[in-house]
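Student: Once you've had a glance at the structure underneath, I'll fire off some questions.
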2 protein chains.
Amino acid sequence: MANKKNMKTGAELVGNEYILNGQPGKGGKEMSFSYISHLYCSACERKYSTKEKQQLCECGSPLLVAYEFDEIKGQLKPGDLVGREASLWRYHELLPVEEEKNIVSLGEGMTPLLRMPRAGQDMGIENLYMKDEGTIPTGTFKARGAAVGISKAKELGVRHLAMPTNGNAGAAWSLYAARANMKATIVMPVDAPVVTRKECVIAGAELYLVDGLISDAGKIVSKAVKEFNLYDASTLKEPYRIEGKKTMGLEIAEQFGWKVPDVILYPTGGGVGLIGIYKALIELHTLGWIGDELPRLVAVQAEGCAPIVKAWNQKKPYSEFWESSSTVAFGINVPKALGDFLVLDAINKTDGCAIAISDEELVAEQQKVATQEGAFICPEGAAVFAAARQLRENGWIKDGESVVALNTGSGVKYSDLLSCAVPILQPDEGLPFRQG
Amino acid sequence: MANKKNMKTGAELVGNEYILNGQPGKGGKEMSFSYISHLYCSACERKYSTKEKQQLCECGSPLLVAYEFDEIKGQLKPGDLVGREASLWRYHELLPVEEEKNIVSLGEGMTPLLRMPRAGQDMGIENLYMKDEGTIPTGTFKARGAAVGISKAKELGVRHLAMPTNGNAGAAWSLYAARANMKATIVMPVDAPVVTRKECVIAGAELYLVDGLISDAGKIVSKAVKEFNLYDASTLKEPYRIEGKKTMGLEIAEQFGWKVPDVILYPTGGGVGLIGIYKALIELHTLGWIGDELPRLVAVQAEGCAPIVKAWNQKKPYSEFWESSSTVAFGINVPKALGDFLVLDAINKTDGCAIAISDEELVAEQQKVATQEGAFICPEGAAVFAAARQLRENGWIKDGESVVALNTGSGVKYSDLLSCAVPILQPDEGLPFRQG
């Protein structure tokens, strides 16, 4: 019978190169499942152990995961990945989970990278691609952070976590927590997509709504974390969610054959996706798997909530709290991100940019992508396509450049935003045929 | 830059064994992309060409696709699949599309096969697996039929198709038709999930609702097909949708390392999924890739619409129209399936069975699977888990047997069925901590 791992392809069962913990590697040395080394502060010089639960650095900044790249170089080559299962765990050496048994998986990752020829033609970008995170457990890219974050939390003995969310992260962490038999307390704005409430509740999480924004939810969670000694799974307040998000960057590089596209556009709320992709690119460069030229990273925000865009335009290293924020792209309604300086740094280091899109533009783009390409993308993803269109129009994206638009989730999760009037027939009626 | 194919893994870019159309195969002979041979009637002896559009056989029965298995045997071995892209197109030799350029893909297939240890323990099935079709474009298994059906329709020059649907098939075919730049006319019951309407409309399909059941929608489509000379994409009225569904069976076999589980349970409305899985198993057996012992196939229906179960209990080869059908598992509200005799045949030939589940049971099971495994499954999938529980209780599933439950879609698409009351806090409030 089948082996006991979650499987997405049967590759490891039919004579492939899947490398298990403790098996001999190429140099005759034992392979590690993970080459995690330590945690380091993103702002100061402090280092921390990965053997205990960690939250923020003493200085208040996010911690990031370091790996033993020299060891990885000797043990792992890109070709070794061929035939591994089509999930983000194919990159386990570059992920923080040290024992395979701690993996909590619903089969997430290795989402499609699709060419978008008709949308591309429409906006004058011949080499337009979409990385589609709509086809992942829970229907959004949040599953990546939840899978790796929950797996590492399990490894560290966490029993109960808490987090604020704009909906989809809370849904993902609730469901993965359920799979790990871990308790989750979630706080989300009343305006978050209703379906995400239901995902939390059916997963058995303890859910609260707040009559406010994600920043208000964050304050409530902060208080509860201290009062009840919970594991704080807020964006960038634990160091492992970003490692899950990082896999989007790893996958894009692998899917492009260890070359990279010229531009990657990402919808930016808390910014972890973009920071993660940047971290992936730096790590792949360190390993020598990609060259010196990195893609230009673009942070896409909504005009109703554009603190990163404002800071970038003003050449500031940090953003300011965006008052009275509002957008239909609810996932990027984040008035102040803890990792804003990391997003701005990633944009600056890659010669990228930040751009804000109006709700009208993104809603129109969502429709276009569906009719031109058959992809029902989320509003945040639609903002990215609208941004690509504008950046091509103003010449920032140049002729012939390859462009990856990140669609962060399925449009199905936001279908309440759409209305449609459809004719109703009686069973004995015929179709009033409209010539196409 | 990357090659021009849709990519799910970069495997073909980094020196794998992906076999392209026209490349030399193992025997020195040119490999074909598809080994399609002809169409044959599922009921009489007639054969048809695959070079032209075909609908039903003259005798009124569905047509099925035959392949050149002897040629495949000489050219392709299971190991050749390792490293191919993680989509259903990895099995292109066993699919009907003859030219790769005609593939219309959103990255569908190779969905996760997950172990369900806690749900399994709860129902006494140690080796319980879920094949999760929630993580596929459009959120349901219908994407498989649409991808292969639309691709072949494109190859055959179809410009405009029509189909009745309980919602999800119409959504999938609308979106894939959009990607193929093909026109779609869809008719669905007013009671079908509202989100599926929106998918059809945003894709640009021509949508009508009918104040009735899918059988009423089918009559309207039949009339329109004749009147306006459309391609009839109704269940089993074109021969290629089933080839897409078949890939679920191919994937299960590959994911089990070319062994097969003891039991596969499938939610059965039109029955194409189950017929497709059976066809896959027979083809793999013909190729010698799996042994003589096939999994016992179980058709799971709702108590409010169980024509196949009734026919099976009465040992009849065909079902009768189920009057006043009703169930929350809307996808399996099909009062009379054109392929009922093929479903019954598959069950009988594999020593399987048919079983009906009440709405109360399946709703309770949906909740259990979410809290025990973190998987938010659809009502039809929940019926399958409820069926596994009952069949284990009554001893039909034996101790130690391996069981695959097919979850045909994401629970997100049916979240309107769930209600939840959640406490609302003001921004300055704290959490009223409930001890877990």
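The values are calculated or read from the model by the stated rules, or taken from the named source; none is laboratory data. A quick note: this is a predicted structure, and the numbers were derived from the prediction, not measured. Using ideal geometry, Cβ is built from the backbone for each residue, glycine included, and neighbour counts are taken over all protein chains shown.
Student: Evaluate region B:413-435: report whether one residue or more is facing chain A (nearest Cβ under 9 Å), touching a residue at least 24 places away in the same chain (Cβ under 8 Å) and among the hydroxyl-bearing types (Ser, Thr, Tyr).
Tutor: Within region B:413-435, not a single residue is facing chain A (nearest Cβ under 9 Å), touching a residue at least 24 places away in the same chain (Cβ under 8 Å) and among the hydroxyl-bearing types (Ser, Thr, Tyr).
Student: Out of curiosity, is A:Gly145 surrounded by 24 or more Cβ atoms within 10 Å (Cβ to Cβ), away from chain B (no Cβ under 11 Å) and over 27 Å from A:Val260 (Cβ atoms)?
Tutor: So A:Gly145 does not fit the description; no.
Student: Within region B:60-85, work out how many residues are assigned to a loop (DSSP other than H, G, I, E, B), of a type in the set (Gly, Ala, Ser) and at pLDDT 95 or above.
Tutor: So the answer is 2.
Student: Only residues that are touching a Lys or Arg at 6+ places or on another chain (Cβ under 7 Å), crowded, with 23+ Cβ neighbours inside 10 Å and free of Cβ contacts under 8 Å to residues at least 40 places away in the same chain: list them for region A:189-237, please.
Tutor: Once the filter is applied, which keeps residues that are touching a Lys or Arg at 6+ places or on another chain (Cβ under 7 Å), crowded, with 23+ Cβ neighbours inside 10 Å and free of Cβ contacts under 8 Å to residues at least 40 places away in the same chain, region A:189-237 yields only A:Leu207.
Student: Among (1) of a type in the set (D, E, K, R); (2) in contact with a helix residue (DSSP H, G or I) (Cβ under 8 Å, 6 or more places away or on another chain); (3) part of a loop (DSSP other than H, G, I, E, B), where does A:Asp399 come up short?
Tutor: (2)
Student: Restricting to region A:378-411, name every residue that is facing chain B (nearest Cβ under 8 Å) and crowded, with 24+ Cβ neighbours inside 10 Å.
Tutor: The initial filter retains those residues of region A:378-411 that are facing chain B (nearest Cβ under 8 Å), namely A:402, A:410-411.
Correct list: A:Ser410, A:Gly411.
Student: Could I ask something else about it? If I go through region B:224-241 residue by residue, how many of them are in a helix (DSSP H, G or I), within 13 Å of chain A (Cβ to nearest Cβ) and out of contact with any Phe, Trp or Tyr (no Cβ under 6 Å at 6 or more places or on another chain)?
Tutor: Going through region B:224-241 one residue at a time, the tally reaches 4.
Student: Do we have A:Gly304 as farther than 23 Å from A:Asn127 by Cα and assigned by TED's automatic domain parsing to the domain that holds A:Leu342 here?
Tutor: yes
Student: Hey, another quick one. Tell me whether region A:70-85 contains one or more residues that are more than 11 Å from every other protein chain (Cβ to nearest Cβ) and either closer than 30 Å to B:Gly139 by Cβ or under 20 Å from the mean Cα position of the chain (by Cα) (or both).
Tutor: No, because not a single residue in region A:70-85 is more than 11 Å from every other protein chain (Cβ to nearest Cβ) and either closer than 30 Å to B:Gly139 by Cβ or under 20 Å from the mean Cα position of the chain (by Cα) (or both).
Student: Another one. Of the conditions (1) under 19 Å from B:Arg84 (Cβ atoms); (2) in contact with a Leu (Cβ under 8 Å, 6 or more places away or on another chain), A:Gly79 satisfies every one except a single condition; which number is it?
Tutor: (2)
Student: Could you identify the single residue in B:Ser324, B:Ser419 that is surrounded by fewer than 18 Cβ atoms within 10 Å (Cβ to Cβ), more than 19 Å from the chain's Cα centre (by Cα), under 30 Å from B:Pro137 (Cβ atoms) and small (Gly, Ala, Ser)?
Tutor: On the way: B:Ser324 fails: under 30 Å from B:Pro137 (Cβ atoms).
After ruling out the rest, the residue left standing is B:Ser419.
Student: What's the number of the condition B:Gly374 fails, among (1) more than 30 Å from B:Glu293 (Cβ to Cβ); (2) more than 14 Å from chain A (Cβ to nearest Cβ); (3) surrounded by 24 or more Cβ atoms within 10 Å (Cβ to Cβ)?
Tutor: (2)
Student: Looking at (1) in a loop (DSSP other than H, G, I, E, B); (2) closer than 30 Å to B:Leu175 by Cβ; (3) more than 10 Å from chain B (Cβ to nearest Cβ), which is the only condition A:Leu106 fails?
Tutor: Going through the list (1) in a loop (DSSP other than H, G, I, E, B); (2) closer than 30 Å to B:Leu175 by Cβ; (3) more than 10 Å from chain B (Cβ to nearest Cβ), A:Leu106 breaks only (3).
Student: In addition: So how many residues does region B:115-142 have that are buried (at least 24 other Cβ atoms within 10 Å of the Cβ) and of a type in the set (Lys, Arg)?
Tutor: 2
Student: Have a look at A:Cys44, A:Cys57 and point out the one that is in a loop (DSSP other than H, G, I, E, B), out of contact with any helix residue (DSSP H, G or I) (no Cβ under 9 Å at 6 or more places or on another chain) and either surrounded by 19 or more Cβ atoms within 10 Å (Cβ to Cβ) or of a type in the set (Val, Ile, Thr) (or both). So that I can check it myself, show each step before the final result.
Tutor: Working: A:Cys44 fails: either surrounded by 19 or more Cβ atoms within 10 Å (Cβ to Cβ) or of a type in the set (Val, Ile, Thr) (or both).
Just a single option satisfies the conditions, and that option is A:Cys57.
Student: On the basis of being in a strand (DSSP E or B) and either of a type outside the set (Lys, Arg) or more than 10 Å from chain A (Cβ to nearest Cβ) (or both), does B:Tyr129 make the cut?
Tutor: Answer is yes for this residue.
Residue by residue, here is whether (1) within 25 Å of B:Asp132 (Cβ to Cβ); (2) touching a residue at least 24 places away in the same chain (Cβ under 8 Å); (3) in the same structural domain as A:Glu393 (by TED's automatic domain parsing); (4) touching a Lys or Arg at 6+ places or on another chain (Cβ under 7 Å) holds:
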residue	(1), (2), (3), (4)
A:Arg84	yes, yes, no, yes
A:Leu95	yes, yes, no, no
A:Glu108	yes, yes, no, yes
A:Leu128	no, yes, yes, no
A:Gly134	yes, yes, yes, no
A:Glu155	yes, yes, no, no
A:Leu161	yes, yes, no, no
A:Ala180	yes, yes, no, yes
A:Ala184	yes, yes, no, no
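Student: Report yes if A:Pro432 is in contact with a helix residue (DSSP H, G or I) (Cβ under 8 Å, 6 or more places away or on another chain) and in a loop (DSSP other than H, G, I, E, B), otherwise no.
Tutor: Criteria not met by A:Pro432.
Student: Search region A:402-427 for residues being in a loop (DSSP other than H, G, I, E, B) and touching a Cys at 6+ places or on another chain (Cβ under 9 Å), and hand back the single one that is nearest to A:Ala119 (Cα to Cα).
Tutor: Filtering region A:402-427 for residues that are in a loop (DSSP other than H, G, I, E, B) and touching a Cys at 6+ places or on another chain (Cβ under 9 Å), the one nearest to A:Ala119 (Cα to Cα) comes out as A:Thr408.
Student: Can you find, within region B:162-195, the residue that is nearest to the other protein chains (Cβ to nearest Cβ) among those that are among the hydroxyl-bearing types (Ser, Thr, Tyr) and part of a helix (DSSP H, G or I)?
Tutor: Let us first name the residues in region B:162-195 that are among the hydroxyl-bearing types (Ser, Thr, Tyr), namely B:165, B:174, B:176, B:185.
Of the ones still in play, those that are also part of a helix (DSSP H, G or I) are B:174, B:176.
Working: B:Ser174: 8, B:Tyr176: 6 Å.
Once the filter is applied, the top-ranked residue is B:Tyr176.
Student: Taking region A:242-270, which residues are closer than 19 Å to A:Asn407 by Cβ, outside any helix (DSSP H, G or I) and modelled with pLDDT of 95 or more?
Tutor: A:Phe256, A:Val260, A:Pro261, A:Asp262, A:Val263, A:Ile264, A:Leu265, A:Tyr266, A:Pro267, A:Thr268, A:Gly269
Student: Looking only at region A:201-218, how many residues end up being in a helix (DSSP H, G or I) and either more than 7 Å from every other protein chain (Cβ to nearest Cβ) or touching a His at 6+ places or on another chain (Cβ under 7 Å) (or both)?
Tutor: Of all residues in region A:201-218, those in a helix (DSSP H, G or I) come to A:201-202, A:214-218.
Cutting the leftovers down to either more than 7 Å from every other protein chain (Cβ to nearest Cβ) or touching a His at 6+ places or on another chain (Cβ under 7 Å) (or both) gives us A:214-215, A:217-218.
So the answer is 4.
Student: Now, a different point. When the residues of region B:242-257 are filtered to those that are under 24 Å from B:Val97 (Cα atoms) and facing chain A (nearest Cβ under 10 Å), which remaining residue is surrounded by the most Cβ atoms within 10 Å (Cβ to Cβ)?
Tutor: B:Glu251
Student: Spot the failing condition for B:Glu283; the list is (1) surrounded by fewer than 24 Cβ atoms within 10 Å (Cβ to Cβ); (2) out of contact with any Asp or Glu (no Cβ under 8 Å at 6 or more places or on another chain); (3) assigned to a loop (DSSP other than H, G, I, E, B); (4) not basic (Lys, Arg), and only one is missed.
Tutor: So the condition that B:Glu283 fails would be (3).
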